Amino acid sequence: MTDSGPDLKPDQKDMPNRAVRPVFLDNQSTTPTDPRVVEAMLPFFTERFGNPHSTDHAYGWDAEEAVERARGDLAALIGASPREVVFTSGATEANNLAIKGAARFRKAERPHVVTCATEHKCVLESCRQLEREGFRVDVLPVKADGLIDLDLLAEAVGEETAIVTVMAVNNEIGVIQPLAEIAAICRAKGAYFHSDAAQAVGKIALDATALGLDLLSISGHKFYGPKGIGALFVRRRPRVRLEAMIDGGGQERGLRSGTLPTPLCVGLGATARLAREELADEEARISGLKARLLEGITGRLDGVRLNGSAEARIAGNLNLAFEGVDAEALMRAMPRLAVSTGSACTSTSVEPSYVLQALGLPETRSRASLRIGIGRFTTEAEVDLAIEELVSKVTSLRAKGSAAAE
Ligand SMILES: *Cc1c(COP(=O)(O)O)cnc(C)c1O
């Protein structure tokens, strides 16, 4: 990287200008904040800046009212009551609080935790921390389609299980886990069921109460809200008990001390309201774009395969393997597209995605796989550009590959 000097605006320094910005097809990594959400947040940075926990004057009351309205809007989106919503800094914190908080509270009677191999790192690492604290942790495999095996789960969950944590929608392959069935298995054994729903909330209809979830994590920036805010749903009936991780003034019913970031809370509330109003239409529109993309590619290229279940899957995710192509090389050949591989760079090598490996895919197929994430702001023209780029670059990389082999 070159030093571009001190007097450039951040915008010019860090991003090519708008005309040549790559098309953003990585909506599982994050999403742009909806301008309507930004609009709703702005007054709370300036005029309406009160501390929502100040009870002595109108500044505080105003901020508190705004935060509580946001809590209500978020609760309505997930079929919860407002008192079941705890604001956090994001899904990472919500997952840590749910998993460690519940397990530690129940450790004496229930020193066992169950999770799944394709979970987000923050879930797997929270479980690993519990293992270091003396918990027994079972990490269940998934089937070839990325879904959990309910028979294996039923065998693993017992009277000593404090918590089972299985995500709602996978961030790499977009598959939707059978939450109601998992909840029933957990309920029968008295184990709490937590689901990391960072990729699900706002994308699919989700009713935490009806599904029988005990804990559910939400991230604002995964569904067109701001970064740095999320929430944890904590069921009240029957009551789920947690040990707090952050001690202090006792905000959020003692579960998460610290002054709530009013603008971010308001933003998350507005995000939830929009999602609730627009989810069905948006899902249909994104489904259409996904079909267009998939048909556009497979109509012109052979040897393209979808990773993960084709049916139990959100509309906005495609994870495709392009036979005979190295996905890292493909990405480098397509600077006009912002897509991702899900592989992890360590200091010495590029490791294929652990999620794809958990499906039992051969390493060559994992290394040939690309994640394409379609979102609220993706246009048909962008999809068409992506088809052109993918078809031409895959074709030329394959030609080079077979020339090299000769
Ligand atoms: C993004 C993501 C997280 C982390 O969320 P943050 O709000 O960024 O901390 C956790 N789990 C899943 C499945 C995610 O996609």
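The values are calculated or read from the model by the stated rules, or taken from the named source; none is laboratory data. All of these numbers come straight from a predicted model, not from anything done at the bench. No Cβ is skipped: glycine too gets one built from the backbone with ideal geometry, and neighbour counts run over all protein chains shown. Areas reflect the complete protein model, heavy atoms only, side chains present, ligands, DNA and RNA absent. Shrake-Rupley method; radii C 1.70, N 1.55, O 1.52, S 1.80 Å.
Suppose we filter segment 147-169 for residues that are closer than 24 Å to residue 233 by Cβ, part of a loop (DSSP other than H, G, I, E, B) and either of a type in the set (D, E, K, R) or in contact with a Leu (Cβ under 7 Å, 6 or more places away or on another chain) (or both); how many remain?
Going through segment 147-169 one residue at a time, the tally reaches 1.
Given the criteria under 23 Å from residue 47 (Cβ atoms), open to solvent by less than 30 Å² (accessible area, probe 1.4 Å) and in a loop (DSSP other than H, G, I, E, B), does residue 260 qualify?
For residue 260, the condition - under 23 Å from residue 47 (Cβ atoms), open to solvent by less than 30 Å² (accessible area, probe 1.4 Å) and in a loop (DSSP other than H, G, I, E, B) - is met.
If a residue must be open to solvent by 30 Å² or more (accessible area, probe 1.4 Å) and part of a helix (DSSP H, G or I), how many such residues does segment 175-217 contain?
Count: 10.
More than 14 Å from residue 25 (Cα to Cα), surrounded by fewer than 13 Cβ atoms within 10 Å (Cβ to Cβ) and free of Cβ contacts under 8 Å to residues at least 40 places away in the same chain, is that true of residue 344?
Yes, satisfied.
Return the only residue of 321, 315 being of a type in the set (A, V, I, L, M, F, W, C), part of a strand (DSSP E or B) and either buried (at least 18 other Cβ atoms within 10 Å of the Cβ) or at positive phi (or both).
The match here is 321.
Identify the residue in segment 362-387 that is within 18 Å of residue 328 (Cα to Cα) and of a type in the set (S, T, N, Q) and, among all such residues, is most open to solvent (accessible area, probe 1.4 Å).
Across segment 362-387, the extreme among qualifying residues is 364.
In segment 347-365, what residues are within 21 Å of the chain's Cα centre (by Cα) and in contact (Cβ under 8 Å) with a residue 40 or more places away in the chain?
Residues satisfying the conditions are 353, 354, 355, 356, 358, 359.
Looking at segment 324-360 only, could you name the residues that are part of a loop (DSSP other than H, G, I, E, B) and either modelled with pLDDT under 95 or on the phi > 0 side of the Ramachandran plot (or both)?
324, 341, 342, 343, 346, 347, 348, 349, 352, 353, 360, listed by residue number.
Would you please name the residue that is farthest from the ligand (Cβ to nearest atom), looking only at residues in segment 218-253 that are in contact with a strand residue (DSSP E or B) (Cβ under 8 Å, 6 or more places away or on another chain) and in a helix (DSSP H, G or I)?
Only one residue fits best here, namely 253.
If I ask for residues that are without any contact (Cβ under 8 Å) to a residue 12 or more places away in the chain and open to solvent by less than 80 Å² (accessible area, probe 1.4 Å), which ones from segment 58-72 would you list?
Within segment 58-72, 58, 60 qualify.
Condition check: over 16 Å from the mean Cα position of the chain (by Cα) and more than 16 Å from the ligand (Cβ to nearest atom). Does residue 186 satisfy that?
yes
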